[in-house]
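Below is one structure; the comments refer to it alone.
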Amino acid sequence: MTTVAEVLAQTIRKAGIDTVFGLPGGENTEVLDALRGQGIEFILVRNESSGVFMADATARLTGKSGVALATLGPGAANAYCGMANAYLDRAPVLLITAQSDSRTFDIYTHQVIDLQAIFEPITKMTRELTNEKTRQTVEGALRLTMTGRPGPVHLGVSAFMAGQAVIEGEAEANAASPITNAPVPDVSLAKEFLAQAKRPIIVAGVGLEPEKPYEALRQLAEAAQAPVIVTPKAKGAISDDHPLSGGTFGLSQTDPPYQIANESDCIVAVGFDVVEMERLWDQPQPIIWVAPWANEDPKVPTVKHEFVGPMIPVLDQLAQAGFDPHPDWGKTRVAAFRKTQAKITLPEPAAGRLLPQTVLEVIRQHVPRETVVSTDVGAHKIFTGLVWPTYTPNSYLLSNGLSSMGIGLPAAMAAARVTKKMSICITGDGGAAMVMGELGLMRDLGLPVIMLVMNDNALDLIRSAQIRRGKPVYGTEFVNPDYELIARGFEIDFYRVSHQAICIEAIREAVANGRPALIEALIDPISYPSTPKKIA
Ligand SMILES: Cc1ncc(C[n+]2csc(CCOP(=O)(O)OP(=O)(O)O)c2C)c(N)n1
Ligand SMILES: [Mg+2]
C-alpha cells in the first residue's frame with residue numbers, strides 16, 4: 001500500500017524539489033518519514049516563518065516551487081507571516097501543515113483552529129489533503145504556485161490521513177511545465193505606439209520570475225533607448241552599471257528614479273505589480289503591459305496595450321519597432337540623473353559610529369559582483385534597496401509586497417545553500433532579534449553567511465516616523481544583547497566594527513574565511529534617507 005504521506009513526498013520529489021524547510025509537530029511524523037524515504041532533505045528551522053522564507057528564496061533561485069512544513073495550530077500560525085509574505089511577494093511556495101482530524105472536530109478542541117479558513121485569504125488555494133486524488137492534488141498545488149501570478153498554496157493533512165492508503169487507480173504523476181506554450185500575440189499596435197514615444201521607459205517588477213526575460217528586456221531597452229527602472233524585487237534584472245539602468249523605485253514616495261519616470265511619455269511595464277509601490281500609482285503616461293498576469297487587482301487605469309502570458313516573445317517583437325527617441329533621452333538622461341545622485345552630501349556620524357553608506361560601500365568593494373545580498377525590513381532596507389549596486393538577476397533578496405521583518409537571515413541562508421557561495425544578510429537590530437535562533441541553523445549547516453547587523457538600538461524606521469510626526473520617541477528604542485556572546489554561543493565568527501578601517505578588515509577576513517559570521521556594525525542612522533536629520 002502507498003500512504004497519503006508517501007504520495008505527497010513522491011510527488012514533491014518528482015517535481016525536482018529536494019528540500020523541505022520547517023519545524024514539525026507530533027502530527028507531522030508520517031510526512032517527515034515519507035520525506036526522508038524519498039531522500040528529501042529536511043532543514044530544521046527554529047521558527048516556522050523562517051522555513052517559509054527559506055522556501056521562498058530557494059524557489060526564486062532555483063526556478064522551482066519551494067516547500068515548507070509546519071504542524072497544526074501554533075506551527076501553522078507561526079508560518080502565517082511567511083505565507084502572507086509569499087502571497088504579497090508573489091512567491092511560489094507550498095506549505096504543508098498538519099491539521100486536525102475532521103472526524104473529531106466536534107469533540108476535540110486542543111490546538112484546533114480552522115486552518116482552511118485562516119489560509120484562505122492569503123493563498124491561491126488551500127485544501128485538505130486526503131486519500132482521494134492525492135497525487136493530482138499535490139501536482140496541481142505545485143503547478144498553481146508557479147502559474148500566472150505566482151503565490152502560495154496550503155495543504156493540510158491530518159496525522160490520521162497521512163498514514164492512510166491512497167485510493168487505488170490514481171493517474172501517474174505528470175509534472176507539467178509551469179509556462180504554457182501560448183500563441184505569440186499580435187503586438188503590431190503596441191509596436192507602432194512605442195515607436196512614436198520620444199521618452200520611453202521600462203519598469204520591471206516582481207513578475208520577471210519565473211520566466212527570467214532579462215536578455216529580452218535589455219535588448220528592448222537598448223533598441224528603444226529606454227531607461228530601465230526596477231522595483232526592489234527586480235533589482236539586477238539589468239545590471240546597475242548598464243548605461244540605461246535608471247535605478248530602483250518603490251521603496252519610498254520620493255525615490256530619485258521618479259525624476260526620470262516623471263519625464264517619460266510611455267511606459268513598458270514588464271512583470272509589474274503595484275503591490276511593490278509605496279505610493280498610489282499616479283503616473284499619467286500610457287502603459288504597455290507585459291506580464292504573466294492580467295492588469296487587475298488592482299487595475300492600473302493607464303494601461304493601453306495588454307499582453308498576458310510569456311513575456312519574452314512580446315519583448316522580442318517590441319524591440320523591432322522603429323524607434324526615434326529624443327536625443328537627450330536614454331543613456332544621456334541616465335548619465336545626467338547619476339550626476340545629481342553623486343552630489344548628495346552626507347552628515348557626519350556620531351563619534352565611534354559608522355554611516356550605513358560606509359558599511360555598504362565596504363561590502364560592495366569586497367564581495368564578488370554576483371554575491372547574493374538580502375536585507376531585512378526597516379530604514380536599512382529602504383536605503384539598501386535604493387543604493388545597493390546589483391549586477392546580476394536575483395542577487396538581491398527582500399520582502400517588499402508584505403515588507404516583513406525576519407526574512408533577511410533565512411533568505412541569505414537559502415541563497416548560500418543554493419549557490420554554494422557566500423551570501424550576506426544586512427539586517428536591522430530589531431529584525432535580527434526576531435531570528436537570532438536561526439544562527440543555530442547557520443552553524444549546523446556551516447553556511448557561508450555573513451549576518452551584518454546595523455546596530456542603532458532602535459526600530460529606526462518607526463522612531464523616524466514618530467519624530468517626523470512630532471511625537472515623542474516611545475516604544476521604539478531598546479538595548480541590544482552582547483552580540484559577541486551571542487556569536488560565541490552559536491560558535492560562529494564575530495566582528496564589531498565602528499570605523500571604516502576596522503570594517504574593511506572585518507569584511508575582508510569574513511569573506512576570505514567563508515564561515516558563518518556575525519558582524520555588528522555600530523552605526524549612526526542619521527544618513528538613512530528615511531531618518532529626520534534633526535533628532536528633537
Ligand atoms: C514582522 C514585522 N513587524 C513589524 C513591522 C513594522 N516595522 C517596519 S520597519 C520596523 C523597524 C525595524 O527595526 P530594525 O530591524 O532595527 O531596522 P531599522 O529600521 O532600525 O533599520 C518595524 C517595526 C514589520 N514590517 N514587520
Ligand atoms: Mg534598528
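The values are calculated or read from the model by the stated rules, or taken from the named source; none is laboratory data. The shown structure was predicted, so the numbers you read here are calculated from the model rather than taken from an experiment. FYI the Cβ positions are ideal-geometry reconstructions off the backbone, even for glycines, and counts take in every protein chain you see.
Filtering 449, 479, 453, 473 for residues that are crowded, with 23+ Cβ neighbours inside 10 Å, more than 9 Å from ligand 1 (Cβ to nearest atom) and either within 17 Å of residue 408 (Cα to Cα) or modelled with pLDDT of 95 or more (or both) leaves a single hit, 449.
Kindly indicate whether residue 91 is surrounded by 24 or more Cβ atoms within 10 Å (Cβ to Cβ), outside any helix (DSSP H, G or I), in contact (Cβ under 8 Å) with a residue 12 or more places away in the chain and not charged (D, E, K, R). Considered against the rule, which asks whether it is surrounded by 24 or more Cβ atoms within 10 Å (Cβ to Cβ), outside any helix (DSSP H, G or I), in contact (Cβ under 8 Å) with a residue 12 or more places away in the chain and not charged (D, E, K, R), residue 91 comes out as yes.
Here's the yes/no breakdown for (1) in a helix (DSSP H, G or I); (2) more than 16 Å from ligand 1 (Cβ to nearest atom):
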| site | (1), (2) |
| --- | --- |
| 335 | yes, yes |
| 350 | no, no |
| 380 | yes, no |
| 390 | no, yes |
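In this structure, residue 529 does not satisfy being modelled with pLDDT of 95 or more, surrounded by fewer than 17 Cβ atoms within 10 Å (Cβ to Cβ), within 14 Å of ligand 1 (Cβ to nearest atom) and not in a helix (DSSP H, G or I).
Checked across the range 104-123, the condition of being closer than 20 Å to residue 32 by Cβ and in contact with a Gly (Cβ under 7 Å, 6 or more places away or on another chain) holds for at least one residue. The residue list 267, 260 contains one member that is within 19 Å of residue 318 (Cα to Cα), at pLDDT 95 or above, more than 21 Å from the chain's Cα centre (by Cα) and not in a loop (DSSP other than H, G, I, E, B), which is 267.
Quick grid of which residues meet (1) among the hydrophobic types (A, V, I, L, M, F, W, C); (2) assigned to a loop (DSSP other than H, G, I, E, B); (3) free of Cβ contacts under 8 Å to residues at least 60 places away in the same chain; (4) more than 29 Å from residue 86 (Cα to Cα):
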site	(1), (2), (3), (4)
296	no, yes, yes, no
306	no, no, yes, no
329	yes, yes, no, yes
338	no, no, yes, yes
345	no, yes, yes, yes
358	no, no, no, yes
361	no, no, yes, yes
369	no, yes, yes, no
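Just one residue in the set 432, 521, 458, 506 is closer than 26 Å to residue 19 by Cβ and in contact with a helix residue (DSSP H, G or I) (Cβ under 9 Å, 6 or more places away or on another chain); that residue is 432. Set side by side, the residues 461, 452 differ, and just one is within 16 Å of ligand 2 (Cβ to nearest atom), touching a strand residue (DSSP E or B) at 6+ places or on another chain (Cβ under 7 Å) and not charged (D, E, K, R), which is 452.
Of the candidates 510, 521, the single residue that is touching a strand residue (DSSP E or B) at 6+ places or on another chain (Cβ under 8 Å) and not in a helix (DSSP H, G or I) is 521.
Checking each residue in the range 502-533 for being within 22 Å of residue 254 (Cβ to Cβ) and of a type in the set (Gly, Ala, Ser) picks out 527, 530.
Contact map, the range 423-447: first residue of a type in the set (D, E, K, R), second residue part of a helix (DSSP H, G or I) and within 15 Å of ligand 1 (Cβ to nearest atom), Cβ cut-off under 7 Å, separation 6 or more or different chains; pairs are 438/50; 438/409; 438/410. The requirement of being within 26 Å of residue 382 (Cβ to Cβ) and over 21 Å from the mean Cα position of the chain (by Cα) is not satisfied by residue 508. Within the range 364-403, the residues that satisfy the criterion of being on the phi > 0 side of the Ramachandran plot and within 16 Å of ligand 2 (Cβ to nearest atom) are 378, 403.
Within the range 252-274, residues that are within 12 Å of residue 227 (Cβ to Cβ) reach partners that are of a type in the set (Gly, Ala, Ser) and part of a helix (DSSP H, G or I) with beta carbons closer than 8 Å, at six or more positions or on different chains, in the pairs 267/261; 268/224.
Reported count of residues in the range 99-109, each being part of a loop (DSSP other than H, G, I, E, B) and in contact (Cβ under 8 Å) with a residue 12 or more places away in the chain, is 3.
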